[in-house]
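Undergrad: My questions will all concern the structure given below.
The values are calculated or read from the model by the stated rules, or taken from the named source; none is laboratory data. In this text, all values refer to a predicted model and were calculated from it rather than measured experimentally. Here the Cβ positions follow ideal geometry from the backbone for every residue, glycine too, while neighbour counts run over all protein chains shown.
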Amino acid sequence: MIKKSVSIIIPAHNEGEYITKCLLAIISNCANYNGDTEIIVVDNNSTDDTFVLASDFDVKVIQTQAVTPAAVRNEGARLAKNEILAFVDGDCIVTDQWLELINKAYQNPNVGAYGGQHVAPKDDNWVVTSWNPTELKDNYVEKSKLPGGNFSIRKLVFCEIGGFDESLTSAEDDHLSKQVLALNYLCVLDSKNYIIHCGYPKTLLDIYKKQQWHGKTQIKAHGYLGDKVVLVTYVWLISLILLVGGGVSNDNSLLLISSIGLILSPMAILLNKMKYHNNIKLLSLPAALIIAMFFIAGRTSGLLQELKTLIRVENE
């Protein structure tokens, strides 16, 4: 088997707490991999010691003022020389088999992109471990959306598509996955190729803020009806409107309908999230439901901002 050449691109913004562990794990992978590799760290306007810490390693480190994660990843890709581009976020730690699994996947010429999910450190706080899996169910899906923090793609396919869509502030990974599939390549999600994500939001407020940010371009990335989370967000928003309307008009039927929507929406988000977990702890589910409420509240706030932007653009 001829080993694929891999360019590993690490976007990093204020990852001083994690970048050393991230690089040590990737360098160890490269040392044990009998194929050509290169490591490119793209420091995105960090104000901490990310750049200094990354520069201590024998890797290529560049700085950028790019304003979206997509643009940061694309800057690294433009410097990459190898056949496979592998994107890993600077707050993540790859496993020992990570590069070997990537190489094995691309022996199939039909695979255009390949990636894996994130797991949380088992010793992280309750917000992180109640919401994010620490162990994954076995899962191998050939037509999937891949997370940008663990996303590899053939360079030829990446260039044909034009890279990540830099106009998206989030969901650029979902968008690129759909474009890979549109070219009739497989876009494979493999639970065996997971990585450890150290930088998950650690408070309920951080959950809200991150999902608010994600929600700002969810329609642009998925279309009005192209994603389950977007649809559930609509239900939550409509339920809030009905709640206000029912309260003002003292209409019990509206209050009942809105209450059902406000309860079922976060439950749907929770069920979607839990499908990736292995060994679900029942005692963590009440906490996870609370987190789901902050999740969907953030998405709704982001959705309103995006709708406001779309309306303004249409009226110009």
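Undergrad: Any residue in segment 271-283 that's touching a residue at least 60 places away in the same chain (Cβ under 8 Å) and closer than 21 Å to Ile296 by Cα: show its pairings with residues that are surrounded by 13 or more Cβ atoms within 10 Å (Cβ to Cβ) and hydrophobic (A, V, I, L, M, F, W, C) at Cβ separation under 7 Å, as long as the two are six or more apart or on different chains.
TA: Note: pairs meeting the criteria are Lys273/Trp131; Tyr276/Leu136.
Undergrad: Quick one: is Asp251 within 15 Å of the chain's Cα centre (by Cα) and of a type in the set (D, E, K, R)?
TA: no
Undergrad: Find the residue count for segment 140-183, including only residues that are part of a strand (DSSP E or B) and of a type outside the set (Val, Ile, Thr).
TA: 6
Undergrad: Quick check: is even one residue across segment 247-267 acidic (Asp, Glu) and free of Cβ contacts under 8 Å to residues at least 12 places away in the same chain?
TA: Yes, that holds for at least one residue.
Undergrad: Scan segment 192-220 for residues that are within 13 Å of the chain's Cα centre (by Cα) and in a helix (DSSP H, G or I) and jot them down.
TA: Of everything in segment 192-220, those that are within 13 Å of the chain's Cα centre (by Cα) and in a helix (DSSP H, G or I) turn out to be Lys210, Gln211, Trp213, His214, Gly215, Gln218.
Undergrad: What number of residues within segment 1-60 satisfy the criterion of being under 19 Å from the mean Cα position of the chain (by Cα) and over 17 Å from Phe87 (Cβ atoms)?
TA: Final tally of qualifying residues: 1.
Undergrad: If you don't mind, another one. Search segment 1-57 for residues being small (Gly, Ala, Ser) and not in a helix (DSSP H, G or I), and hand back the single one that is surrounded by the most Cβ atoms within 10 Å (Cβ to Cβ).
TA: Ala12
Undergrad: How about segment 279-316: which of its residues are outside any helix (DSSP H, G or I) and either surrounded by 18 or more Cβ atoms within 10 Å (Cβ to Cβ) or touching a helix residue (DSSP H, G or I) at 6+ places or on another chain (Cβ under 9 Å) (or both)?
TA: Ile280, Lys281
Undergrad: Take the conditions of a type in the set (A, V, I, L, M, F, W, C), in a loop (DSSP other than H, G, I, E, B) and not assigned by TED's automatic domain parsing to the domain that holds Trp131 and apply them to Leu231. Does it pass?
TA: So Leu231 fails the test.
Undergrad: Considering only residues that are in a strand (DSSP E or B) and either at pLDDT below 95 or more than 15 Å from the chain's Cα centre (by Cα) (or both), which ones fall in segment 116-129?
TA: none
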